[in-house]
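*Asks:* Supplied in structure tokens, the structure appears directly below.
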Amino acid sequence: AIFGIVSRAGIFCAQYLGCKSMKGVRNAFRVKLIFCIVFSIIGILVFALAGEPLIELFLKGNSDDVDPLLTMQNGMQYLQIMLIGMIPFAIIQAYSGTLRETGETLLPMKAGIVAVVVNLSLNALLIYGYFGLPALGVRGAAIATTVSRFVELIIVVVYAHKNTKKHPYMMGFYKDFKVPGILVFHIFVKGTPLMLNEFLWSLGVTTLLQCYSIRGLSVVAAMNIS
């Protein structure tokens, strides 16, 4: 849903940039940010309230090598920590998308690379407990991913607001957060088909993974390898 609305609102950002209307770009960016945060909050509520039933959908298969109760516990530990990173993830999508649409393609890529490096490094440190750190296992993996998202967020946001000469639409971005209602309406209405397309595609992929998961551990392993 977030990817879909970012893509649609991004078209408005590019159009306003072509008209050299920084106010238009600023308003479209604000709408994009609002929608991203709203959808992430909805996602947090869904996963917080229905985490166990959703994870249980993937634990229907029979395998002597897997303890369903332990897998559920690990899944919930991972999910609860990952929820912290959903708001930063949403904000990153809004900022990075807007920077790309206004000609700054390199910075979001660099921030993403830094986030991957941070994630990989913290995975090694926190999952296995290297250099005297506690071996946190699944929780360590979730912490690593969440921290990497905050790192990426800081890089993107600080850059965007420090370079207002290059990105003048960032000037006064949070001073007056009012946006025209008609713009919100147009972005939502015109963006809904794309949003639903992205959402249904991701739901389809998830459904396929769920189908494979009930065939047992060997099939899950084969899927991951492939």
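*Asks:* Which value at 222 nm does the chain reach when only helices count, each DSSP H run of 4 or more adding -39,500 (n - 2.57), with the total divided by all residues and rounded to the nearest 500 deg cm²/dmol?
*Replies:* -26500 deg cm²/dmol
*Asks:* Roughly how many nanometres apart are two label points built 7 Å out from the Cα toward the Cβ at Trp201 and Ala222?
*Replies:* Spacing of the two 7 Å Cα→Cβ label points: 2.7 nm.
*Asks:* PRE reach from Glu52 (point 7 Å along Cα→Cβ): which of the range 70-114 fall under 18 Å by backbone N?
*Replies:* 70-81
*Asks:* How many percent of all Cα-Cα pairs in the range 127-171 sit more than 13 Å apart?
*Replies:* Value for the range 127-171: 65 percent of Cα pairs lie more than 13 Å apart.
*Asks:* Using a simple spin-label model with points 7 Å from Cα along the Cα→Cβ vector, what separation in nm is obtained for Gln15 and Gln80?
*Replies:* Rounded to a tenth, the inter-label distance reads 4.6 nm.
*Asks:* Taking all protein chains as present, what is the carbon and sulfur share of the accessible area of the chain, in % to the nearest whole number, probe 1.4 Å?
*Replies:* 69
*Asks:* Here's a follow-up. Assign one of three labels to the range 51-149, namely rounded, prolate or oblate, based on the Cα gyration tensor with a ≥ b ≥ c the square roots of its eigenvalues; rounded applies when a/c is under 1.5, prolate when it is not and a/b is larger than b/c, and oblate otherwise.
*Replies:* Numbers: a/c = 2.96, a/b = 1.65, b/c = 1.80.
Here the range 51-149 falls in the oblate category.
*Asks:* On to the next question. Given charges of +1 on the Cβ of Lys and Arg and -1 on the Cβ of Asp and Glu, with all other atoms neutral, how large is the dipole of the chain about its Cα centre, in debye to the nearest 20?
*Replies:* Its charge dipole is roughly 1340 debye.
*Asks:* Ignoring the sites themselves, what is the longest stretch of the chain with no chymotrypsin sites (Phe, Trp or Tyr not before Pro) in a DSSP loop and at most 15 other beta-carbon atoms within 10 Å? Intermediate values should be presented prior to the final figure.
*Replies:* On the way: sites that count: Tyr174, Phe177.
It works out to 1-173.
*Asks:* Shape of the range 123-215 from its Cα gyration tensor (a ≥ b ≥ c, root eigenvalues): rounded if a/c is under 1.5, otherwise prolate when a/b > b/c, or oblate?
*Replies:* oblate
*Asks:* What FRET efficiency, computed as 1/(1 + (r/R0)^6) with R0 = 25 Å and r the Cβ-Cβ distance, is obtained for Asp67 and Cys211, rounded to the nearest 0.05? Write out the running numbers ahead of the final one.
*Replies:* On the way: r = 22 Å, r/R0 = 0.88.
Working from the Cβ atoms, E equals 0.70.
*Asks:* Tell me the angle of helix 181-213 to the major Cα principal axis of the chain, expressed in degrees between 0 and 90 and rounded to the nearest ten.
*Replies:* Computed tilt is about 20 degrees.
*Asks:* Enumerate by residue number the trypsin sites (Lys or Arg not before Pro) in the range 122-226 meeting two conditions: DSSP loop (anything except H, G, I, E, B), and at most 11 other Cβ atoms within 10 Å of the site's Cβ. Working shown, then result.
*Replies:* Values: sites: Arg139, Arg149, Lys162, Lys165, Lys166, Lys175, Lys178, Lys190, Arg215; in loops: Lys165, Lys166, Lys175, Lys178, Arg215.
Within the range 122-226, the qualifying trypsin sites (Lys or Arg not before Pro) (loop, at most 11 other Cβ atoms within 10 Å) are Lys165, Lys175, Lys178.
*Asks:* Shifting gears a bit: I'd like the Kirkwood hydrodynamic radius of the range 174-226, using the inverse of the mean 1/r over distinct C-alpha pairs, in Å.
*Replies:* Roughly 14.4 Å, rounded to one decimal.
*Asks:* Give the residue from Ser202, Asn74, Val6 lying farthest towards the positive end of the charge dipole for the chain; charges sit on Cβ (+1 for Lys and Arg, -1 for Asp and Glu) and the dipole is referred to the Cα centre.
*Replies:* The Cα lying farthest towards the positive end belongs to Val6.
*Asks:* For the chain, what is the accessible area per residue in Å², given a 1.4 Å probe and the full set of protein chains?
*Replies:* Each residue of the chain exposes 57 Å² on average to a 1.4 Å probe.
*Asks:* Let me ask something else about it. Report the full-extension gain for the segment Lys23 to Ser121: residue separation times 0.36 nm, less the Cα-Cα distance, to one decimal in nm.
*Replies:* Working: separation 98, 0.36 × 98 = 35.28 nm, distance 4.06 nm.
Answer, rounded to one decimal: 31.2 nm.
*Asks:* By how many nm would the segment from Lys190 to Ile37 grow when fully extended, if each residue of separation counts as 0.36 nm and the alpha-carbon distance is taken off?
*Replies:* Numbers: separation 153, 0.36 × 153 = 55.08 nm, distance 1.89 nm.
Once the chain is fully extended between Lys190 and Ile37, it gains 53.2 nm.
The values are calculated or read from the model by the stated rules, or taken from the named source; none is laboratory data. Quick caveat, the model's predicted, so the values are computed rather than measured. Neighbour counts run over all protein chains shown; Cβ positions are idealised from the backbone, glycine included. Just so you know, the surface numbers come from the protein's heavy atoms only, side chains and all, with ligands and any DNA or RNA stripped out. Shrake-Rupley method; radii C 1.70, N 1.55, O 1.52, S 1.80 Å.
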